[in-house]
Each structure stands twice: as structure tokens, then as C-alpha cells.
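Visitor: Take a look at this one; I'll ask things after.
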Amino acid sequence: MDMYYERQALIDRIDAQPTAYDVDEVVEQLEDRKSLMLETFKISESDIDRGRIYGMDKAIEIVKGGGVDGN
């Protein structure tokens, strides 16, 4: 039983660790991809294309905010 609690404590400690990534690098990559999408779509009026751009904007916002929950 002690082994279960030790393992669970270790899992909890690992889960509590923040994901480590370079926010600026991720945002730069997302913005580069968005620019490529805009060039490819030539700022199309397609709902699909607008949805893709919106999704990319939301991804950038989430990364800048530190995650979905803001942590």
C-alpha cells in the first residue's frame, strides 16, 4: 500500500510541473504559419479559410496566455 501512495505522490509532483517551452518561439512559429496560410489563401472569403485563420489567432492567444487555464 505504501508503494501506491509513493507512486501517486510522484505522479502528482510530475503533473504539478508546468510545461516548459519558449513562448516567443512558439508564437513566432504560429505567426509564420499564419502568414503562409494568408499567402496561400490570398485572403479568401471562404468560411473554411476564415475559420483556419481564427483558429490560428486563438492558438497564438492561448500560447501567449500560458495555456488554456492561463497558468
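The values are calculated or read from the model by the stated rules, or taken from the named source; none is laboratory data. Since we're looking at a predicted model, the values are computed, not measured. As a convention, Cβ positions derive from the backbone with ideal geometry for all residues, glycine included, and neighbour counts pool all protein chains shown. Ligands, DNA and RNA are stripped out before the accessible areas are found, and what is left, the full protein with its side chains, is counted by its heavy atoms. Shrake-Rupley method; radii C 1.70, N 1.55, O 1.52, S 1.80 Å.
Visitor: Counting other Cβ atoms within 10 Å of each Cβ, which trypsin sites (Lys or Arg not before Pro) in region 8-66 have at most 11 and sit in a DSSP loop?
Guide: Within region 8-66, the qualifying trypsin sites (Lys or Arg not before Pro) (loop, at most 11 other Cβ atoms within 10 Å) are LYS42.
Visitor: With every protein chain left in place and a probe of 1.4 Å, what is the accessible surface of TYR21, to the nearest 10 Å²?
Guide: For TYR21, solvent-accessible area is about 100 Å².
Visitor: Subtract the Cα-Cα distance of ASP24 and ILE48 from 0.36 nm times their separation in residues, and report this length gain in nm to one decimal.
Guide: Going from the current span to full extension adds 5.9 nm.
Visitor: At 0.36 nm per residue, and after removing the present C-alpha to C-alpha distance, how many nm does the segment from ARG33 to ILE14 gain when stretched out fully?
Guide: 3.7 nm
Visitor: So what does LEU30 come to for accessible area, using a 1.4 Å probe and Å² rounded to 10?
Guide: Accessible area, nearest 10 Å²: 40 Å².
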